[in-house]
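What follows draws every value from the coordinates through simple rules; no lab data is involved. Keep in mind it's a predicted model, so treat the numbers as computed, not measured. Neighbour counts are summed over all protein chains in view; Cβ atoms, including those assigned to glycine, are modelled from backbone coordinates with ideal geometry.
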């Protein structure tokens with residue numbers, strides 16, 4: 001789960017809004033400086049009925065439900081060796097790739113430059129929808145990795161449904177032994193009040209199903225993005241998906257900000 005400020009949102013981003021993955025299909029800067037984002041279901045469901053217009057303050061913290069990353073690996077060898085070679089660690093900034101020492105050293109030959117694309121999608125999952133007891137770790141049909149984690153806190157990787165249940169049961173046991181008299185811990189019932197000593201965030205016990213998929217592409221150094229630093233979320237998204245570079249949102253014209261606010265206040 002990647003967090004960013006609303007001012008860095010972009011068309012195509014998938015945000016976790018009210019624990020629901022929604023895709024930004026339109027982004028407009030309001031006259032007052034706020035951002036009006038048209039959000040639709042990220043799973044490709046009916047967009048017309050579920051679409052909503054939400055107004056963000058530019059400094060609001062937004063969680064990206066889908067994160068794209070781009071990295072590079074340089075393969076190289078010494079000129080005196082025909083087959084044996086070396087591989088760099090994954091490099092995150094185009095500048096570090098261009099200036100990597102195999103490109104600057106006369107007795108070294110770069111044999112490959114590989115670009116790695118990764119997509120990390122995190123979607124809330126109900127406890128009843130977790131894999132049953134004894135089910136091994138999941139793998140997507142494309143060979144992607146699947147694991148679980150809590151929205152905030154806890155282990156970064158829970159490999160199976162059994163691991164999730166064991167972790168939450170352990171939290172419940174620790175809470176019952178130390179804080180039960182103060183407030184109950186809703187491990188199995190999200191409607192119950194939370195113990196603030198065990199859980200700080202309202203959604204901290206939410207379980208996410210995280211899917212990691214990736215692909216590798218051989219490129220030439222001339223094909224690197226024209227920037228110095230690591231790609232920001234929007235640039236990574238467009239690099240991975242092949243989408244054209246989007247224009248920055250323009251101030252709304254001919255539509256007062258009040259109309260956007262009244263639309264966003266509709267019940268959904």
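Expressed to the nearest 5 percent, the antiparallel share of DSSP beta bridges inside the chain is 100 percent.
Placing R0 at 41 angstrom, the Cβ-Cβ distance between residue 18 and residue 80 gives a FRET efficiency of 0.10 after rounding to 0.05.
Please state the shape class of segment 122-211: rounded when a/c is under 1.5, otherwise prolate if a/b exceeds b/c and oblate if not, all from the C-alpha gyration tensor. Intermediate results must be reported in sequence, preceding the final value.
Details: a/c = 2.54, a/b = 2.07, b/c = 1.23.
Note, shape of segment 122-211 comes out prolate.
The orientation-averaged shadow of the Cα convex hull for the chain, equal to a quarter of the hull surface, comes to 19.6 nm².
Need one word for segment 26-174: rounded, prolate or oblate. Basis is the Cα gyration tensor (sqrt eigenvalues a ≥ b ≥ c); a/c below 1.5 gives rounded, then a/b vs b/c decides.
On the way: a/c = 2.62, a/b = 1.40, b/c = 1.86.
Taking the square roots of the gyration eigenvalues as a ≥ b ≥ c, segment 26-174 is oblate.
Each of the peptides 236-243, 127-134 was scored by the mean count of other Cβ atoms within 10 Å over its residues; in descending order, highest first, they stand as 236-243, 127-134. The Cα-based radius of gyration of segment 1-91, divided by its Kirkwood radius, gives an Rg/Rh of 1.29.
Sort segment 45-127 into rounded, prolate or oblate with this rule: let a ≥ b ≥ c be the square roots of the eigenvalues of the Cα gyration tensor; rounded if a/c is under 1.5, and if a/c is not under 1.5, prolate when a/b is larger than b/c, oblate otherwise. Intermediate values should be presented prior to the final figure.
Working: a/c = 4.22, a/b = 2.82, b/c = 1.50.
Because a/c hits 1.5 or more and a/b exceeds b/c, segment 45-127 counts as prolate.
Taking 0.36 nm per residue of separation and subtracting the current Cα-Cα distance, fully stretching the chain between residue 222 and residue 59 would add 55.1 nm. In this rough spin-label picture, where each label sits 7 Å from Cα along the Cβ direction, the residue 169-residue 105 distance is 5.3 nm.
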